[in-house]
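Worksheet for the structure shown next.
The values are calculated or read from the model by the stated rules, or taken from the named source; none is laboratory data. For clarity, every value in this text was computed on a predicted model and none was experimentally measured. Glycine also receives a Cβ, built like all others from the backbone with ideal geometry; neighbour counts cover every protein chain displayed. Heads up: the accessible areas ignore ligands, DNA and RNA and are worked out on the full protein's heavy atoms, side chains in. Shrake-Rupley method; radii C 1.70, N 1.55, O 1.52, S 1.80 Å.
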Amino acid sequence: MKSSPILIRRQLRWHAAALATTAALMLTVSVQAAAFNGNYPIRVGATVGMVADIVREVAGDHAAVTSIIGSGVDPHVYSPTRSDVAVLLRSDILFYSGLLLEGQMTDILVKVSRKRPVYAVTERLQQDYLIHDSTTEHHDPHVWMDVSGWIKAVAVVADAMVAFDPAHAGEYHKNAATYQARLHRLDDYAKKVIASIPDSQRVLVTAHDAFNYLGRAYDIEVMGIQGLSTESEAGLKDINRLVGLLVDRRIPAVFVETSVSDKNVKALIEGAAAHGHRVIIGGELFSDAMGAAGTYEGTYEGMIDHNVTVIARALGGTAPAAGMQGKLSTP
Ligand code: ZN
């Protein structure tokens, strides 16, 4: 894996996102009632896979969902291609995650919202729920990492589909309730397996800063290497501090992410080894994108099941190797 271009892009992404605030705020209030022409399936556009997954669960056969940002792709820096724009313009209704996650897509979302309903699935989360990022002065957008927060996103999609296609209101509400019940079980499983990690080792060290909501929801300390450093010099200092923490607290594992360089993570492991403490890579986590389409890990439930199962097992907790539903492909 190459590191520096990705690292630089990651550092820039928040700044790019900051410029888009005003437009994004306008977007959340520009939802219009559009008349449905009665043709099924309803063409639904979604930005990230986690959002598309909600729509598939809620709308079932009544909608054909196209997801723009694919597996393993970083939504913070994603710029829509011509064919993405065509998908958006063909859609009857659109959903995105919001909180500036899709910072480079703000302009096109604002544009398409003039002719069709566009919803941010995080729009109902209250200020006191959202985690504030002091370095960017924005809210942390990685809400899906707390299942209880993402359950609220399901309601946004359900109500939007009901407003658009009232003929199937009963089905949309029923599907949403069924999905939310499944997510409550997932939330309970996540709480249980993370709680099984011994107290002193309950520290999640990852490549970037995507896990703050997970940390708050499931009571595990979270440290993202990337989130702590914006310059290489400071980065070295932060890595040394994290090495000290790994050694002092005998943390057995750190984690890489599917779309982020593992260079800094490897530096941590080498640093700890130099102090006589062995740290392993506990596994690869899905941070901002789900697994491959068509796999269990390519669903929101599979993504979270994978993450919490891998974290718990690597840090000395107890969780079944194949996860909550026996469906995980990685041990
Ligand atoms: Zn992220």
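Miscellaneous remarks
- The lone exception for ALA207 - which of (1) crowded, with 16+ Cβ neighbours inside 10 Å; (2) over 18 Å from the mean Cα position of the chain (by Cα); (3) small (Gly, Ala, Ser) it fails: (2)
- Helices (runs of 4 or more DSSP H) (entirely within the stretch 62-177) containing at least 3 residues that are over 19 Å from ARG43 (Cβ atoms): 106-112, 147-164
- No other residue among VAL112, VAL58, VAL65, VAL118 is away from the ligand (no atom under 16 Å from the Cβ), modelled with pLDDT of 90 or more and open to solvent by 10 Å² or more (accessible area, probe 1.4 Å) apart from VAL65.
- Evaluation of ALA177 against the conditions (1) within 16 Å of the ligand (Cβ to nearest atom); (2) hydrophobic (A, V, I, L, M, F, W, C); (3) open to solvent by 30 Å² or more (accessible area, probe 1.4 Å) shows that the sole unmet condition is (1).
- Boolean, LEU246 is in a helix (DSSP H, G or I) and within 14 Å of the ligand (Cβ to nearest atom): no
- Any hit, the stretch 299-316, residues being part of a strand (DSSP E or B), under 21 Å from PRO75 (Cα atoms) and in contact with an Asp or Glu (Cβ under 7 Å, 6 or more places away or on another chain): no
- Residue selected from the stretch 273-296 under the condition aliphatic (A, V, I, L, M) and away from the ligand (no atom under 16 Å from the Cβ), by the criterion least open to solvent (accessible area, probe 1.4 Å): VAL279
- Residue list for the stretch 135-174, filter: at pLDDT below 95 and away from the ligand (no atom under 16 Å from the Cβ): GLU137
- Top-ranked residue in the stretch 249-266 [being assigned to a helix (DSSP H, G or I) and open to solvent by 10 Å² or more (accessible area, probe 1.4 Å); ranked as farthest from VAL73 (Cα to Cα)]: LYS266
- In the stretch 192-211, the residues that are under 13 Å from VAL308 (Cα atoms), of a type in the set (A, V, I, L, M, F, W, C) and either in contact with a Pro (Cβ under 7 Å, 6 or more places away or on another chain) or more than 14 Å from the ligand (Cβ to nearest atom) (or both): VAL193, ILE194, ALA195, ILE197, VAL203, LEU204
- Flag if GLY271 is within 22 Å of ASN212 (Cα to Cα), assigned to a helix (DSSP H, G or I) and among the small types (Gly, Ala, Ser): no
- One residue stands out in the stretch 218-229 among those that are open to solvent by 30 Å² or more (accessible area, probe 1.4 Å) and away from the ligand (no atom under 14 Å from the Cβ): the one that is nearest to TYR129 (Cα to Cα), namely ASP219.
Here's the yes/no breakdown for (1) within 16 Å of the ligand (Cβ to nearest atom); (2) of a type in the set (Gly, Ala, Ser); (3) in contact with a helix residue (DSSP H, G or I) (Cβ under 9 Å, 6 or more places away or on another chain):
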{"residue": "GLN126", "(1), (2), (3)": "no, no, no"}
{"residue": "ASP133", "(1), (2), (3)": "yes, no, yes"}
{"residue": "ARG182", "(1), (2), (3)": "no, no, yes"}
{"residue": "TYR213", "(1), (2), (3)": "yes, no, yes"}
